[in-house]
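A short worksheet on the structure shown next.
The values are calculated or read from the model by the stated rules, or taken from the named source; none is laboratory data. Just so it is clear, the model here is predicted, and its values are computed rather than measured. When we count neighbours, we look across all protein chains shown, and the Cβ atoms used for this are built from the backbone with ideal geometry, even at glycine. Heads up: the accessible areas ignore ligands, DNA and RNA and are worked out on the full protein's heavy atoms, side chains in. Shrake-Rupley method; radii C 1.70, N 1.55, O 1.52, S 1.80 Å.
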Amino acid sequence: MSTDATTRFAPADTLSRLPLAARLFVVAVITAGAVLLVTCLPRAEFHQPFLFIAVILLSTVTAALKVHLPLTTGGSTMSVSYAVDFASLLLLGPHETMLVASVSAFSQCHVNNKNRNPVYRTLFSMASLVVTVQATGLVYTSMGGQIGQWASVAAIARPLVFAATVYFALNTGFIATAIALTARKNVASVWNANFLWSAPSYFVGALAAGLAAGVVERAGYWLAPLTFAPLYLTYRTYKVYMGRIEDEQRHVAQTSDLHLATIEALARAIDAKDQTAHTHIRRVQIYATGLARAVSCEDAEIQGIRTAALLHDIGKLAVPEHILSKPGPLTQEEFQKIRIHPQVGAEIIAAVPFPYPVAPLILSHHERWDGKGYPQGLKGTEIPRGARILTIVDYFDAVTTERPYHKALSHDGAIGLMKHESGKALDPELVAKFIDMLPSLLDEAAADRKERPEEPVEASGVGSAAAGLAPEPPTQSAFENIALAHREIYALYEIAQTMGTSLGVADTMALISSKLTNIVPWSACALFLFDAESDSVRCRYAAGVDAPKLLGLTLKMGEGLAGWVARNKRSIVNGLPRVTFDAAGLFAPIDLKAAIVCPLILNDTFIGSLALYHVEANRYTEDHRRLLERIAEQAGAVIHNSIVFEQTQEDSLTDPLTGLPNRRSLFVHLTRELSRAERLGREVALLVMDIDEFKAINDTHGHHVGDRALREMALKLREALRPYDLCVRYAGDEFIVVLSDCPRELAEAKRMELQQLVSRIEIEVRPGKFVKIGASAGVAVFPYDGATYEALLADADHGMYRDKANRRGRIPTSRPGPAAEFITPDMLPDAPLPEVAAAAGGGAGVQRRLA
């Protein structure tokens, strides 16, 4: 039976997540195995191919007969395949046997295995056996053993014992080293604790292999399986024995998990009260445990640090929540109140009979290296090492997370601050070690966050309501009761602090609604904005149940709940005698049965109504109204600013003369369309159009006629395009059209269609006299004419300029009233015709801008 490194000698799924020393060792073993395989494989003679095939098949089958070892560190298996590999070594030699052992290791990694082994573990297992087999074969032959020849028992005993010893030492040594380097433990202690006891199985396996080889040599192959009967009995004995050990360990683990779950429940209760430090205790636990392992703390000390990390802030139960949530500096009295929490926490935990030290670590986790900490003023190594570890990781996490009283620092900023405090507040040696291993600790914390998402304590029914589902009936959980006094003031403060960071109406309302869930339950949330022109309110934002029905709903003043609030400028709570929900008369098809609506007012000006709805009748109370009115007082100004911002943003993207999007919109839209077309293998067409002789129209008839020509052309272009196409007034008399999913032939057809539409435009310059306009156009198609915004624009501009040259000549610009009027070249300014075209048209202008 053998022990291999095929299951869990490391907790990482990728080689990069192993410690550096473990990575180097694994790579070295894999490299050595590969070199031996390449070097020794050509020496394999394969004189007995049938025996070789039979041994491979037998080794593969027996590799599945394995026992999972309940190791104290890492994990491993014992397999019957070792005896088969050893018998192959005696019969075929090391060169053939390294292939047999490799196949056996691969089978042991992937057959009858509940967990998928990463590639590097499989390669490590195979490589370690290749090295072991070659070294064992060398020892066996050097001690007088002969491959494929059975001598007397006395002659083979000595080389067999030495070979088994080498096999055992190398195989278990490789695994013990990998486990020790991964767990940052002493190699000798890991090997002694986990593998020394398995030595008899190796010698039993070697004996069985020697007997099997002798039987094969003297009596033939058919008696060889009988020699493995004792080995199978040993396997079954180990199987039963290990099963009992696993049952005992499972029971111990369940009991331990129960204790830890109790501890975590208490820690979550603390976290519920101090929501500013949400998930703080979990991160501190991960950092502290990793640092404790790195400095070679004993297992009991590590477990004590893990538990203390969960409970280190339990004493904050004695600190008023307004002090914990205070955004500014603490007064001396408030700070003295904060300073009692280590002492309170230690007194609470002192009554719990933990089998490892916890209370001293909690008591001392705010002591300083220079002796200026609290509560006892300990200095240097007088502070327990576990407490010094907690101080460092608690300090790092506190300065890198957002708190009411300070902004979060970046990791680099926090490291700089820790270096500054090294030797003052913090243990300098532990600080250096923590900074060295910080990247791996951050990765571990991020992975834990994904595996164990912790949701904040919510008001009853809020979580499901925000998702658009009917919430559960209101209940008061233990965590709810703990957080009740703290939640309201902190949620209101958080809204006040962060609400103004979102500029758009939708972003602002999404933030408000998410923060509302902590204090007022809702199944749907809506914002109605006042429109003075129509004297109505219109729903601009809705989330939750029936949001599609609410969104866009328009109510006249006095109509419905939101309209009633708009007319009376007062809040309303559905279920009160004065107004009932059914009396609104507008929400019969909607599943919502209760509502609370507050007016949004800024400087005595009504902006709109903030409404919360619930699927339960009479869900809201006067207390809910009070809370929502407090939020509405803050929300009014922010929503007004959001409206102004959106209007300004819209104006910045629109041409004021034609109402078309402008150049900024073109760049955003075309960049997105080109990216999509490249990803999907589609085509995008770009049309550049320019009004012919536009300068002459302005000079002859006035700029007001030119402006009308631009507006008429914009209208015709917009009417002729698909809803998802884009028409932009680029500059002056230049227009650009973006046609999505449009090949060249369709683009050319659209160009001619648009030019014909423009040619039908007639503008009355004075009674009875009309001016007709024409347009030159060029087309470029992605990806054939260019792969970038600039290249396509340049190519289309060239095409437009060529089209303008072809169209140049005697161009009728008026149809007669009583008499026809034409613009001819002699009526234009004194300049060569191309220069006039460049001044009047957009082609050369586009080229100059690109240059």
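When segment 679-701 is filtered for residues that are among the acidic types (D, E) and either more than 28 Å from S759 (Cα to Cα) or surrounded by fewer than 22 Cβ atoms within 10 Å (Cβ to Cβ) (or both), the ones remaining, listed by number, are E683, D699.
Checked against (1) modelled with pLDDT of 90 or more; (2) over 15 Å from V284 (Cα atoms), A387 passes all but a single condition, namely (2). If the condition is being in a strand (DSSP E or B) and in contact with an Asp or Glu (Cβ under 8 Å, 6 or more places away or on another chain), then segment 514-535 contributes only A524.
Among the numbered conditions (1) open to solvent by 50 Å² or more (accessible area, probe 1.4 Å); (2) modelled with pLDDT of 85 or more; (3) among the β-branched types (V, I, T); (4) under 16 Å from G93 (Cα atoms), the only one that T165 does not meet is (4). Do you know which of the residues in segment 106-126 that are touching a Phe, Trp or Tyr at 6+ places or on another chain (Cβ under 9 Å), of a type outside the set (S, T, Y) and open to solvent by less than 40 Å² (accessible area, probe 1.4 Å) is modelled with the highest pLDDT? Ranking the qualifying residues of segment 106-126, first place goes to F124. In this entry, E719 is excluded by the filter for residues that are surrounded by 14 or more Cβ atoms within 10 Å (Cβ to Cβ) and charged (D, E, K, R). Taking segment 752-784 as the range and being of a type in the set (A, V, I, L, M), within 55 Å of the chain's Cα centre (by Cα) and open to solvent by 10 Å² or more (accessible area, probe 1.4 Å) as the test, the residues that pass are M752, L757, V779. Kindly indicate the residue of segment 766-818 that is modelled with pLDDT under 85 and in a strand (DSSP E or B) and also farthest from P743 (Cα to Cα) among those meeting that condition. For segment 766-818, the residue satisfying everything is R766.
Remark: pairs (first residue in segment 416-442, acidic (D, E); second residue open to solvent by less than 50 Å² (accessible area, probe 1.4 Å); Cβ separation under 6 Å; 6+ apart in sequence or on different chains) = D427/R388. Within segment 252-264, residues that are closer than 12 Å to T307 by Cβ and part of a helix (DSSP H, G or I) have Cβ atoms under 7 Å from residues that are modelled with pLDDT of 75 or more and open to solvent by less than 90 Å² (accessible area, probe 1.4 Å) in these pairs: I263/T307; I263/L310; I263/L311; E264/L310, counting only partners at least 6 apart in sequence or on another chain. Of everything in segment 518-539 that is of a type outside the set (A, V, I, L, M, F, W, C) and within 33 Å of the chain's Cα centre (by Cα), the residue that is most open to solvent (accessible area, probe 1.4 Å) is N518. Scanning segment 18-30 for residues that are free of Cβ contacts under 8 Å to residues at least 60 places away in the same chain and open to solvent by less than 80 Å² (accessible area, probe 1.4 Å) turns up R23, V27, A28. Confirm whether Y202 is assigned to a helix (DSSP H, G or I), modelled with pLDDT under 85 and closer than 12 Å to Y82 by Cβ. Spelling it out, Y202 is indeed assigned to a helix (DSSP H, G or I), modelled with pLDDT under 85 and closer than 12 Å to Y82 by Cβ.
Out of everything in segment 652-678 that is at pLDDT below 80 and surrounded by fewer than 13 Cβ atoms within 10 Å (Cβ to Cβ), what residue ends up being farthest from V738 (Cα to Cα)? It comes out as S652. Residues that are more than 33 Å from the chain's Cα centre (by Cα) and part of a strand (DSSP E or B) were ranked within segment 540-573; the one that is surrounded by the most Cβ atoms within 10 Å (Cβ to Cβ) is I572.
If the requirement is being within 33 Å of the chain's Cα centre (by Cα), closer than 23 Å to L441 by Cβ, of a type in the set (A, V, I, L, M) and in a loop (DSSP other than H, G, I, E, B), which of these qualifies: A414, A398, A408, A387? On inspection, the qualifying residue turns out to be A408. Of the residues making up segment 719-750, those that are in a strand (DSSP E or B), in contact (Cβ under 8 Å) with a residue 60 or more places away in the chain and either closer than 19 Å to P783 by Cβ or among the β-branched types (V, I, T) (or both) are L726, V728, I736, V738, S740.
Yes/no matrix, rows are residues, columns are (1) free of Cβ contacts under 8 Å to residues at least 24 places away in the same chain; (2) in contact with a helix residue (DSSP H, G or I) (Cβ under 9 Å, 6 or more places away or on another chain); (3) closer than 22 Å to H798 by Cβ; (4) of a type in the set (A, V, I, L, M):
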{"position": "G681", "(1), (2), (3), (4)": "yes, no, no, no"}
{"position": "V688", "(1), (2), (3), (4)": "no, yes, yes, yes"}
{"position": "E693", "(1), (2), (3), (4)": "no, yes, yes, no"}
{"position": "R708", "(1), (2), (3), (4)": "no, no, no, no"}
{"position": "M713", "(1), (2), (3), (4)": "no, yes, yes, yes"}
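Screening segment 380-397 for residues that are in contact with a strand residue (DSSP E or B) (Cβ under 9 Å, 6 or more places away or on another chain) and without any contact (Cβ under 8 Å) to a residue 40 or more places away in the chain and picking the one that is least open to solvent (accessible area, probe 1.4 Å) gives T391.
For every residue, the table says whether it meets (1) touching a strand residue (DSSP E or B) at 6+ places or on another chain (Cβ under 6 Å); (2) assigned to a helix (DSSP H, G or I); (3) within 18 Å of P656 (Cβ to Cβ).
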residue	(1), (2), (3)
D690	yes, no, no
A696	yes, yes, no
D699	no, yes, no
D707	no, yes, yes
L710	no, yes, yes
A714	no, yes, yes
L717	yes, yes, yes
